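Single-structure report; data block below.
The values are calculated or read from the model by the stated rules, or taken from the named source; none is laboratory data. Values in this document were obtained by computation on a predicted structure and should not be read as measured data. Don't worry about glycine lacking a Cβ; one is built from the backbone with ideal geometry, like all the others, and counts go over all protein chains shown. The accessibility values were calculated without ligands, DNA or RNA, using every heavy atom of the protein model including side chains. Shrake-Rupley method; radii C 1.70, N 1.55, O 1.52, S 1.80 Å.
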Amino acid sequence: MPKTKREFALAGLKLDASAKKSLYLQLYEALRQAILEKQLRPGEQLPPTRELATDLSVSRTTVLLAFDHLLSEGYIEGKSGAGTFVSETIPEDLLEVCTDSVAKTAPFSVLPKISGRGERIKRVSVFTRKMRVNLQPFRPGIPALREFPQQLWTKLLARESRSISMETLGYGDPCGFRPLREAIADYLRISRAVRCDADQVIITNGSQQAIDLVNRVLLDEGEAAWTEEPGYSGFKESVASLGGRLIPVKVDEKGLCTTTGNAADPAARLAYVTPSHQYPLGVTMTLSRRIQLLDWAAKSRAWILEDDYDSEYRYTGHPISSLQGLDRNGCVIYMGTFSKVLFPGLGLGYLVVPHSLVDAFVSARSLSERQGSVITQATLAAFIEEGHFARHIRQMRMLYHERREMLLAALDRDLGGALSIFPTETGLQVTAKLHRGSDLDLTEKAAKIPLDVRALSTYYHDEKQSVNGIVLGFAAFDETEIANGVQSLAKLISG
């Protein structure tokens, strides 16, 4: 026997006037759920709006709004002179209840398949998920955020927002804001001996997007790429996700060993290197190794991606000139980021590509993103052009040198017999070899204190070749944080 209007109105339907959600939305959702769960079946008549309003002790307007919402989405339909009814045309599969728990456990066979590339992306380790929101000693690669001139930056941001032209507010050059590209080209020519002009500079949303662009443009599926061993996981994961083959190439005290790479795969299409300051060992590639690498690239018709991520922070002698500056065959792509010299939240990096690659990279950049934030790029251009960038680097270089010395002194005092420091004169972190214990166990215990210590062994592609050690960032932490952090680390190691 069909339900009467009175039975429907009293079927447990309740609205809460004290809830944040409006009454009409509560009624809409309750009726929609009843339809989806087949409590109200196709063709069943709903009570008149006035009667339902009386039964629920709400205004008729509340009921009318809920009905209008259901009508617009096709859940109910009005029949002239007869009333309002549950729609007869709701697809049968929509009438099946689907909760979050059911959706999460649905068998893969009933879902559309993702691409092979999507499967590879799903399998690679997503290192960003491991990042902590709270900054704890000794997280590497983070600058002194408390020392950044935030008020100055905010002032420049407001000024550029007010003065930017109407033309600039529209779609612009996918290569990036032209004045910023000019400022970067000028800076790199002077400070890093990079041979370039603004037409070769492409602004990216940080270094990881730059790596992804390089790999997508230069590396076909199945082709090989040399990667430093140990080395940066972000490059390895990008290559793996695109179906490339990783060729780990040993790094010794002189940098990437080209002889090892040639023995493993001389026909590789791409080599990723951090020659000014190798990450994570801190080695600076010698001139002879640089020349060998360039000769290999020219002979093999291969590309080199030079990641110059924190070369500004060299604490003895003059900064080492770029590998790109030595290139005479146009095979080096130069990459940099502002995350290490300013702040990671800025999300801006850049590529300097040979003229022969500009068109390909512009097209690839356009496909992934039409353009970045013009206001932010304009602010950074002003920050560089007005001398604030160079001044900030000078100040941070002195501060980081002090903090580096503090960390080295504390490690020698509290952990002198437990580890050996890899020699380095550049960068924002110190790497040390552990004499006993597992670096993975140590980092797991440190995380509970909490200390953000990175295990050196995780930077190796081949676990059999890995070295037991730790990577300790110092740039973002003051003297007290460094001293207390080392003491806590010493207790973990000795205990």
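Pairing residues of the range 438-460 that are at negative phi with residues that are open to solvent by less than 50 Å² (accessible area, probe 1.4 Å) and aromatic (F, W, Y), at Cβ distances under 6 Å and at least 6 apart in sequence or on separate chains, gives V453/F138.
Out of the residues in the range 406-451 that are of a type in the set (K, R) and farther than 23 Å from Y232 by Cα, state the one that is most open to solvent (accessible area, probe 1.4 Å).
Of all residues in the range 406-451, those of a type in the set (K, R) come to 413, 433, 436, 445, 448.
Okay, now just the ones that are also farther than 23 Å from Y232 by Cα, so 413, 436, 445, 448.
On the way: R413: 144, R436: 127, K445: 112, K448: 161 Å².
Filtering the range 406-451 for residues that are of a type in the set (K, R) and farther than 23 Å from Y232 by Cα, the one most open to solvent (accessible area, probe 1.4 Å) comes out as K448.
Listed by first and then second residue, the pairs with beta-carbon distance under 8 Å, at least 6 apart or on different chains, first residue in the range 155-182 and aromatic (F, W, Y), second not in a helix (DSSP H, G or I), are Y171/R370; Y171/Q371; F177/I203.
Considering only residues that are touching a residue at least 12 places away in the same chain (Cβ under 8 Å) and not acidic (D, E), which ones fall in the range 184-199?
The first filter runs over the range 184-199 and keeps only residues touching a residue at least 12 places away in the same chain (Cβ under 8 Å), leaving 184-185, 187-188, 191-199.
The answer is I184, A185, Y187, L188, S191, R192, A193, V194, R195, C196, A198.
Being among the basic types (K, R) and over 25 Å from V249 (Cα atoms) is a property that holds for K340.
When residues in the range 425-464 are screened for being among the polar types (S, T, N, Q), farther than 18 Å from G282 by Cα and part of a helix (DSSP H, G or I), 1 of them pass.
What residue, of R403, R397, is modelled with pLDDT of 95 or more, among the basic types (K, R), within 28 Å of the chain's Cα centre (by Cα) and open to solvent by less than 80 Å² (accessible area, probe 1.4 Å)?
R403
Taking the criterion of being among the polar types (S, T, N, Q) and closer than 24 Å to N329 by Cα, the residues of the range 208-248 that qualify are N215, T227.
Can you tell which of S420, S363 is closer than 21 Å to F177 by Cβ and without any contact (Cβ under 8 Å) to a residue 24 or more places away in the chain? Before the answer, list the steps.
Details: S420 fails: closer than 21 Å to F177 by Cβ.
That would be S363, the only listed residue that is closer than 21 Å to F177 by Cβ and without any contact (Cβ under 8 Å) to a residue 24 or more places away in the chain.
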